[in-house]
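A short reminder: the numbers here are calculations on the coordinates, not readings from a lab. Not measured: the values here are computed from a predicted model. Backbone-built Cβ (ideal geometry, glycine too); neighbour counts: all protein chains shown.
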Amino acid sequence: MVMVTLTAMSCKDGNQEKDASEPMSSEMYQEDPENQEHSGQMMADNASNNATKTIIDNYLQIKDALVADDQEAAAKAGGKLVSEFEEFDKSDYSSDEQQELTDIIEDAKEHSEHIAESAIDHQREHFDILSKDVIDMIAITGTNKKLYQDFCPMYNNNKGAQWLSASKEIKNPYFGSKMMDCGNIQKEIN
């Protein structure tokens, strides 16, 4: 009996050494509640970041289309953005953040719908407000994407307007080819 116990213990010790040298499998990782909670939060954060990334990508498509004076491409991207806002999951955020995001998304979705259905001058008017909404959304959700918050002081009868860009180079979506490089970088995000 002593021999069986010693053999079992030495096998167990051998397995522990072997387990310590091998990477942990997902099953072993999930057994620890602390790791499971951390893993769940990482997955939730990744899902939120992916949803925000998709929204930003579609927003940037609208911006690029307006820079290129391409009403049709802006309309198409606006339609995609409507769907992305409808599918955005706010459950990972606090109740206050959820309420803010609900308000932002409701407004942004409306402006995206107008962009999807309007002439280019009207698209640009709605892009101004959509830009504010996306900037406010990113302030809550964050982003892994490096962005530049740009500002054109001349748009809207010199009241000015902001927009987000993925590059440092100023390409103005409010004036397009008329005044392509009008504006400056206000700040870098991320």
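Would you mind computing Rg(Cα) / (2.2 N^0.38 Å) for segment 51-189, counting N as its residues? Numbers along the way, then the final one.
Details: Rg = 14.1 Å, N = 139, 2.2 N^0.38 = 14.3 Å.
Computed over Cα atoms of segment 51-189, the ratio equals 0.98.
Ranked from highest to lowest mean number of other Cβ atoms within 10 Å per residue, what is the order of the peptides 117-123, 93-99, 138-144, 168-174?
168-174, 138-144, 117-123, 93-99
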Hey, rough spin-label estimate for K159 and N184, points 7 angstrom out along Cα→Cβ, what's it come to in nanometres? 2.2
Treat each spin label as a single point 7 Å out from the Cα along the C-beta direction, and report the S83 to Q98 distance in nm. 2.6
FRET efficiency estimate (nearest 0.05) - Cβ-Cβ, K168 to D69, R0 30 angstrom: 0.85
Placing +1 at every Lys and Arg Cβ and -1 at every Asp and Glu Cβ, with all other atoms neutral, what dipole size does segment 51-189 have around its Cα centre, in debye to the nearest 20? 680
